[in-house]
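Written out below as structure tokens is the structure these notes cover.
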Amino acid sequence: MNATRKLLVAAGCLGIGAAAIALGRPVQERPAASVLAAGPRVSVAARWRTTVDTIRRGEPLSVALERAGLAPDEAVQALSVASALDPTKVRAGVTITTKVDPDSGASEVVLQLAIDRVVRFSRVFGQPWVENEVKLQWTTDTVVVGGVVTSTLTEAIASGADAFPAKQRTELAYALADILEYRVDLSRDLQKNDSVRVLVERQTAENGLVRPGNIIAARMTVDGKPVETMRFEQGARVAYFDGEGKSMRAAFLRAPLAFRRISSVFGIRRHPILGTLRRHQGMDYAAAAGTPVRALGNGRVIFAGWKGGYGKTIEIRHTNGYVTRYGHLRAINVRSGQSVGISQTIGQVGSTGLSTAPHLHFEVLVNGVHRDPRVALKNQSGEPLAASQRQAFAMLKARLFTQLESPTQRTAGRTDAVRPNGD
């Protein structure tokens, strides 16, 4: 009996020792493949796949979602809860980001409808889709940008506008051109070494996005002479005025094309087809065929049709004896006797008549006599401010142009500080 007890005690001790050795021994490493093959008890992270795509021209949103990884029924279910957008009116180019798992399906769809507007559709597996619209909040300050012209206004702005992304700099240049188009023909009047400075709002979103807001004031030096403009509020009406308090909007635009490049100017030149020296009675604007041509001012169409070497031509009679002529058109959008408004599209650039390549031939006649368009249109100016508003205008101008002269890109003050009413 004693012998048996001794054997049991010995066996127990051996068992305890083996267990202790097993507990103290390092855990053996297992290859990753064996872990993945270990069966359903092993937890593996979900295999989410994120896809970024854009809606193509003429493409239904549901088709774009399917291309981005959603099953047809998932796309239909997600769009069925849409209230912040009309799925049939989402424009081409909108960015779509989807999150899809091969096993459980899609869990998120994000549509970047605008720079500051996002619509997100999301769901938990087995639950209905939920829509959430997010509008980014913007903070606004003002900065001064600008530079010296070496080739174009766009280049001059871009060289001194590091406060904005490259694409936004181009938009800023176009916004300034829209304000100045009654005073400066930027395709002809602007010369090398001219300069430009712009006091502009800078809007910054919570996620770091930056965009330009309103242009507050600007000064451009053209051929040594300053051209000034500033934003001025008159109650609910906001408009731009020059440094003397006259509206930037005048009776005539300075050029018949919104995006333009002049290929030849008023004066004597050799005709490209006839090969003879003859007076070139206007200006040629080189532009792609089909570029919209706009009326220089309000008036009535007195001719619309074929006119010899001019090809398809439009003539418009304006006030004060002015007539403008637009030649070599590809298409005519108006008829004789029709009234037209300033900036209205009247035709398209072409190469009809005696023309070697697509361009617009433009002329100005005053009381029946050809005039250089650069001279005839240069001195047109808008209506002045009322006498009751001139003091407020002068005070605001002094403040804004002091800020305009501050170092380029330095914060020039809060937007609210430069928005007093003109009343």
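Values computed for the structure shown
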quantity: Rough spin-label spacing in nm, given labels placed 7 Å along Cα→Cβ, for Glu171 and Lys225; calculated: 3.4 nm
quantity: For segment 294-351, accessible area per residue (1.4 Å probe, heavy atoms of protein chains only), Å²; calculated: 42 Å²
quantity: Accessible heavy-atom area order of Leu65, Leu79, highest first, probe of 1.4 Å; calculated: Leu79, Leu65
quantity: Spin-label model distance (nm) - Ser195 vs Arg399, 7 Å beyond Cα toward Cβ; calculated: 2.5 nm
quantity: Fraction of accessible area attributable to carbon and sulfur, segment 164-217 (%, probe 1.4 Å); calculated: 42 percent
quantity: Lys/Arg +1, Asp/Glu -1 at C-beta; segment 332-412 dipole; positive extreme among Leu360, Leu396, Ser336; calculated: Leu396
quantity: Hull-based mean projected area of segment 85-236, where the convex hull spans the alpha carbons, in square nanometres; calculated: 13.1 nm²
quantity: Fraction of accessible area attributable to carbon and sulfur, segment 95-151 (%, probe 1.4 Å); calculated: 52 percent
quantity: Linear extension gain, Lys246 paired with Asn320, 0.36 nm per residue minus alpha-carbon span; calculated: 24.6 nm
quantity: Average accessible area per residue (Å²) across segment 194-240 - probe 1.4 Å, nucleic acids and ligands excluded; calculated: 41 Å²
quantity: Per residue, in Å², the accessible surface of segment 75-146 once ligands and nucleic acids are set aside, probe 1.4 Å; calculated: 49 Å²
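The values are calculated or read from the model by the stated rules, or taken from the named source; none is laboratory data. This is a predicted model, so every value here is computed, not measured. All Cβ positions, glycine included, derive from the backbone under ideal geometry; neighbour counts span all protein chains shown. Side chains included, ligands, DNA and RNA excluded: accessible areas come from the protein's heavy atoms. Shrake-Rupley method; radii C 1.70, N 1.55, O 1.52, S 1.80 Å.
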